[in-house]
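Chemist: Quick one: the structure is below, and I'll ask about it shortly.
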Amino acid sequence: MATLPTILLLLGASVVSVIVFRSVSLPPVLGYLLVGTLIGPHAFNLVEGFAGVQHLAEFGVVFLMFSIGLEFSLPKLYAMKRIVFGLGLLQVLATLAVVTAVLGAVGLSWQAGVALGGALAMSSTAVLTKLLNERLELDAPHGREVMGVLLFQDLAVVPLLIVIPSFSESPEQMATMIGLAMLKAVLVLSVVLFFGQRLMNRWFYVVARGKSAELFMLNVLLVTLGLAHLTERAGLSLALGAFVAGILISETQYRHQVEEDIKPFRDVLMGLFFVTIGMMLDVPLVLANAPLVLGVLAALLGVKFALMLGLSRLFGSSAGNATRTALWLCAGGEFGFVLLSEMGRLHLVPALALQAVLAALVLSMLLAPVIVQYSDRIVLRFAASEWLMRSMQLTRLAAQTMNTEQHVVICGYGRSGQHLARFMEQESVAYVALDLDPERVREAAAAGENVMYGDAARRETLVAAGVARASVLMISFADTRAAERVLEHVHRLKPDLPVVVRTLDEKDLDRLQRAGAAEVVPETLEASMVLAAHALRHAGVPTAHVLERFRQTRLVGYRALRGFFRGEGDADDDALDRDEARLHSILLVDGAHAIGRTLGELAVNELGVEVTAVRRRNIRAPEPSAETRFQAGDVVVLLGAPGALNAAEERLLQR
């Protein structure tokens, strides 16, 4: 069993490594692997009770499989069935076949080939999904292919975890074990899914009625670990039960809340799992066989790239998109480590082969962000058709806007962008809309709307859209990071061009204004003001007075509307950011530190907190000055993030 000093060592080293790796924009998983390598038995050997740590880390795989089950959606699978069960299936099968053939040629068994092929076929869902989000490429053609293949790879882990344990047996026993495992899996899945679908919604409704975050979390752990234990008792893996639990909960209305609640457990335990994987890495052995490791790395990247390129082309992708998809998916992934851990436990492959593949997977994950970063340059360098298509696209866009001046550039043609365009048409104002969804662009353009395919976050696209001649640019999508990229390009191309940005609420308002936005429109606040306008009109308040009130509210950056008092019901709302600024009221009782002191003396603003109002003898004074002196019985209303509010409350009340 792992001792407390061992666990403290693991936690301390993990915290430091994650901070370092995040600071250089590398995945935290690599930090965990490095920690495990350094403190493991093959390096400094600082860990006692390795078996206990490994047993604890197995729960990381359980919660990871549970998260995959939560993402399992039949409508989503059906919508992407051609990519998932076509391209994804062929990618995994082709990788298995090639690896099995190569290892068979060097004298290893086909069982070892299938097991290692499964590990090498995987790509990193966590890393690639994050990169697709950051680069706004989820809806791009290669983005859909990458997500479809990743989804199938995640699903393929389940049968691999069932089949691989039988590979250590004799051929006769192996066939029996595989058949029995599959039969058990079908029976358990059928019973659980048939009855579970009916029971899970009702059970979670009963639990949710308690309105207790603690009770809800305990129930999630009970369901997850309970089903994992059930499948383990049936002779299957813990991971399969967790996967089934995720599937069951994914069909309920509580899916998103469960996903948020389980994330801390999953991330911490997965971190421990990757630490134990790092402990498996025999650095002296790897360094002594560096040519072999580099050969495996080159073969991994080269073979997966070639297979993915050919398969993507087979499914109708252009040379450029196929090359881009292949570059994204050629590196290894975290599930490869899960399968390697199982192989190491069963001693399916020689130690040297396991170490070489383990080291190659680590190096490939280090290279993955770099490959993605340079993927566009590589594609434009080697795929002539891509360069030609990009040039034609920009030329077509520039040609359509060449004679247009003082027009409006609309970035994003979703619902908000289309509403904007219709207002422009009604007022006979010229506009050019840019969007990355090819289907939406095709249908809208066919209907005669002036929308073109293009990434507004790219400088050359904005140039082709005539930003230098435009009168205003509208960012209609609510993505702060992408909006900042657009603002940066606009500032360089035409610094005096007013840019109006849409955001969901006031959380990013200041950030976008600092980035150069002329106007920031927080959706939630503007909707509240429209509701207030209707209410005040019916209450008899003159329309001119209401409009002037709203004008003043906008002039001061919606100060009067910022923040909210959070209640118990908000705890279950996954749409709320837990670090979002909120309102909090504090009663100054006799003996409170703030009594007799001014707001300026207390300097709570240094803590990142703003005093929005003070209520004294039922009279509410908004925006008090620094000279305001507090009295016993005052109620102070604060605005800030939860941590800052706690610090401010302590300063106001300390005795």
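The values are calculated or read from the model by the stated rules, or taken from the named source; none is laboratory data. Quantities reported herein were computed from a predicted structural model and do not represent experimental measurements. Please note: Cβ atoms are built from the backbone with ideal geometry, for glycine as well, and neighbour counts cover all protein chains shown.
Chemist: Go through segment 425-448 and count every residue that is modelled with pLDDT of 85 or more and surrounded by fewer than 18 Cβ atoms within 10 Å (Cβ to Cβ).
Modeler: 6
Chemist: Let me ask you something else. I'd like the full set of residues that are more than 14 Å from LEU87 (Cα to Cα) and polar (S, T, N, Q), limited to segment 298-320.
Modeler: Listed by number, the list holds a single entry, SER318.
Chemist: Anything in segment 600-639 that is in contact with a strand residue (DSSP E or B) (Cβ under 7 Å, 6 or more places away or on another chain) and either in contact (Cβ under 8 Å) with a residue 60 or more places away in the chain or part of a helix (DSSP H, G or I) (or both)? List them, or say none.
Modeler: Within segment 600-639, VAL604, PRO622, GLU623, LEU639 qualify.
Chemist: Would you check if LEU509 is in contact with a Phe, Trp or Tyr (Cβ under 8 Å, 6 or more places away or on another chain), more than 19 Å from GLY454 (Cβ to Cβ) and of a type in the set (A, V, I, L, M)?
Modeler: Answer is yes for this residue.
Chemist: Enumerate the helices (runs of 4 or more DSSP H) found wholly within segment 475-569, keeping only those where 2 or more residues are within 23 Å of GLY414 (Cα to Cα). Spell out how you get there, then give the answer.
Modeler: Numbers: elements: 480-493, 509-514, 523-538, 543-555.
Helices (runs of 4 or more DSSP H) meeting the threshold: 480-493, 509-514, 523-538.
Chemist: So, one more: Going by the conditions given, is ALA351 surrounded by fewer than 20 Cβ atoms within 10 Å (Cβ to Cβ), touching a Gly at 6+ places or on another chain (Cβ under 9 Å) and over 26 Å from SER25 (Cα atoms)?
Modeler: Numbers: surrounded by fewer than 20 Cβ atoms within 10 Å (Cβ to Cβ): yes; touching a Gly at 6+ places or on another chain (Cβ under 9 Å): yes; over 26 Å from SER25 (Cα atoms): yes.
So ALA351 passes the test.
Chemist: Sort out which residues of segment 482-515 are within 18 Å of LEU434 (Cβ to Cβ) and of a type in the set (Lys, Arg), and write them in order of number.
Modeler: Listed by number, the residues that qualify are ARG485, ARG492, LYS494, ARG502.
Chemist: Could you name every one of the helices (runs of 4 or more DSSP H) located completely within segment 1-118 that has at least 1 residues being modelled with pLDDT under 80 and under 27 Å from the mean Cα position of the chain (by Cα)?
Modeler: 4-23, 28-39, 50-71, 74-79
Chemist: I've got another one for you. Taking the criterion of being in a loop (DSSP other than H, G, I, E, B), more than 29 Å from the chain's Cα centre (by Cα) and within 24 Å of ASP376 (Cα to Cα), would at least one residue in segment 451-470 satisfy it?
Modeler: Among the residues of segment 451-470, at least one is in a loop (DSSP other than H, G, I, E, B), more than 29 Å from the chain's Cα centre (by Cα) and within 24 Å of ASP376 (Cα to Cα), which makes the answer yes.
Chemist: What number goes with the only condition from (1) under 25 Å from GLN513 (Cα atoms); (2) at pLDDT below 90; (3) of a type outside the set (Lys, Arg) that GLN418 does not pass?
Modeler: Every listed condition holds for GLN418 apart from (2).
Chemist: Could I ask something else about it? Looking only at segment 198-219, decide whether some residue is buried (at least 17 other Cβ atoms within 10 Å of the Cβ), in the same structural domain as GLY246 (by TED's automatic domain parsing) and under 30 Å from SER312 (Cα atoms).
Modeler: No.
Chemist: Would you confirm whether any residue within segment 148-170 is assigned by TED's automatic domain parsing to the domain that holds LEU329, over 30 Å from ALA331 (Cβ atoms) and surrounded by fewer than 21 Cβ atoms within 10 Å (Cβ to Cβ)?
Modeler: yes
Chemist: Continuing with the same structure: Of the residues ALA234, ALA181, which single one is surrounded by fewer than 19 Cβ atoms within 10 Å (Cβ to Cβ), within 22 Å of ARG345 (Cα to Cα) and in contact (Cβ under 8 Å) with a residue 40 or more places away in the chain? Quick ask: steps written out before the conclusion?
Modeler: On the way: ALA181 fails: surrounded by fewer than 19 Cβ atoms within 10 Å (Cβ to Cβ).
The unique qualifying residue is ALA234.
Chemist: Select, from ARG266, ARG313, the only residue that is charged (D, E, K, R) and modelled with pLDDT of 90 or more.
Modeler: Going through ARG266, ARG313 in turn, the sole match is ARG313.
Rundown of residues vs (1) β-branched (Val, Ile, Thr); (2) surrounded by 14 or more Cβ atoms within 10 Å (Cβ to Cβ); (3) modelled with pLDDT under 85, yes/no style:
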site	(1), (2), (3)
ASP572	no, yes, yes
ALA575	no, no, yes
GLU580	no, yes, yes
VAL589	yes, no, no
GLY596	no, no, no
LEU639	no, yes, no
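Chemist: A follow-up question, please. Residue by residue through segment 223-281, note down the ones that are closer than 14 Å to PHE59 by Cα and acidic (Asp, Glu).
Modeler: GLU232, ASP267
Chemist: Residue check: is LEU281 in the same structural domain as LEU348 (by TED's automatic domain parsing), modelled with pLDDT of 80 or more and closer than 27 Å to LEU340 by Cβ?
Modeler: Numbers: in the same structural domain as LEU348 (by TED's automatic domain parsing): yes; modelled with pLDDT of 80 or more: yes; closer than 27 Å to LEU340 by Cβ: yes.
So LEU281 passes the test.
Chemist: For segment 264-279, does any single residue satisfy the condition of being assigned to a helix (DSSP H, G or I) and touching a His at 6+ places or on another chain (Cβ under 8 Å)?
Modeler: Restricting attention to segment 264-279, the residues satisfying the condition of being assigned to a helix (DSSP H, G or I) are 264-279.
So of that shortlist, the ones also touching a His at 6+ places or on another chain (Cβ under 8 Å) come out as 279.
For segment 264-279, residues assigned to a helix (DSSP H, G or I) and touching a His at 6+ places or on another chain (Cβ under 8 Å): present.
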